[in-house]
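Working notes, structure below.
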Amino acid sequence: DVKVTQSSRYLVKRTGEKVFLECVQDMDHENMFWYRQDPGLGLRLIYFSYDVKMKEKGDIPEGYSVSREKKERFSLILESASTNQTSMYLCASRTRDRVGNQPQHFGDGTRLSIL
Amino acid sequence: SQKIEQNSEALNIQEGKTATLTCNYTNYSPAYLQWYRQDPGRGPVFLLLIRENEKEKRKERLKVTFDTTLKQSLFHITASQPADSATYLCALGRYNAGNNRKLIWGLGTSLAVNP
């Protein structure tokens, strides 16, 4: 079974801090994703990476950056945390194929609170 | 703009009945549609994929239909059980080379199966 592991289930940080969320997958997947999930807004894509050192902005990249130095690890960085970044953050991975319809495999999320 | 709508109200049904969840979309022409299950505090888990040239897909007690004329997918759980209680998400994707990495997500429908 694919396993996607997020470093923390719960995290509390202060406004202005630099925050790192880590995600590791064990299935050699090329594609990795970071989402945030908020009530009434659903899953929104922040960034995705289609291979090592490759990244592309999603729908809401402002205030975030990412790093993919190794295939199995995809990090999300909140450069200067703000209260409106309090959310559930979900990481996902997917194998690359010709048509791109492979399922995404999710971690269990990090519930981040910015005080 | 692209829009996906799932049953906005929570669905409550009696154990043993068939649950039917809907996913409607506008301003979009998906090549495929995926259904996921999400339990509270957990990440989504992939259930089924259906492509635009497929009318119906089945997996054990699950059945998905895809009607590109009506722009609608129906997700059925037959002989429902309390363990089926969860939120169900639909997600649409295209094969377009530029965008095949991204899915468009619905907000989900909460299903409660009462014993």
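The values are calculated or read from the model by the stated rules, or taken from the named source; none is laboratory data. Remember, predicted model here, so these are calculated numbers, not experimental data. Backbone-built Cβ (ideal geometry, glycine too); neighbour counts: all protein chains shown. Areas reflect the complete protein model, heavy atoms only, side chains present, ligands, DNA and RNA absent. Shrake-Rupley method; radii C 1.70, N 1.55, O 1.52, S 1.80 Å.
A few remarks follow.
- Filtered by the rule that a residue be over 20 Å from A:Leu43 (Cα atoms) and at pLDDT 95 or above, segment B:86-112 gives a lone residue, B:Ala112.
- Count of residues meeting criterion [in a strand (DSSP E or B), of a type outside the set (A, V, I, L, M, F, W, C) and more than 18 Å from A:Gly63 (Cβ to Cβ)] in segment A:1-21: 3
- The set of residues from segment B:62-95 being free of Cβ contacts under 8 Å to residues at least 40 places away in the same chain, farther than 13 Å from B:Asn24 by Cβ and more than 11 Å from the chain's Cα centre (by Cα) comprises B:Ala83, B:Ser85.
- Among the residues of segment B:89-110, some residue qualifies, meaning at least one is touching a Cys at 6+ places or on another chain (Cβ under 6 Å), assigned to a loop (DSSP other than H, G, I, E, B), open to solvent by less than 70 Å² (accessible area, probe 1.4 Å) and of a type outside the set (A, V, I, L, M).
- Residues within segment B:52-77 that are in a strand (DSSP E or B) and open to solvent by less than 70 Å² (accessible area, probe 1.4 Å), tallied: 13
- The residues of segment A:67-100 that are surrounded by fewer than 20 Cβ atoms within 10 Å (Cβ to Cβ), at pLDDT below 95 and facing chain B (nearest Cβ under 10 Å), listed by number, are A:Arg96, A:Asp97, A:Arg98, A:Val99.
- One residue stands out among those in segment A:33-59 that are outside any strand (DSSP E or B) and within 11 Å of chain B (Cβ to nearest Cβ): the one that is surrounded by the most Cβ atoms within 10 Å (Cβ to Cβ), which is A:Gly58.
- Considering residues of segment B:26-48 that are at pLDDT below 95 and in a strand (DSSP E or B) only, the residue farthest from the other protein chains (Cβ to nearest Cβ): B:Thr26
- When residues of segment B:17-51 are limited to those that are open to solvent by less than 50 Å² (accessible area, probe 1.4 Å) and small (Gly, Ala, Ser), the one nearest to the chain's Cα centre (by Cα): B:Ala19
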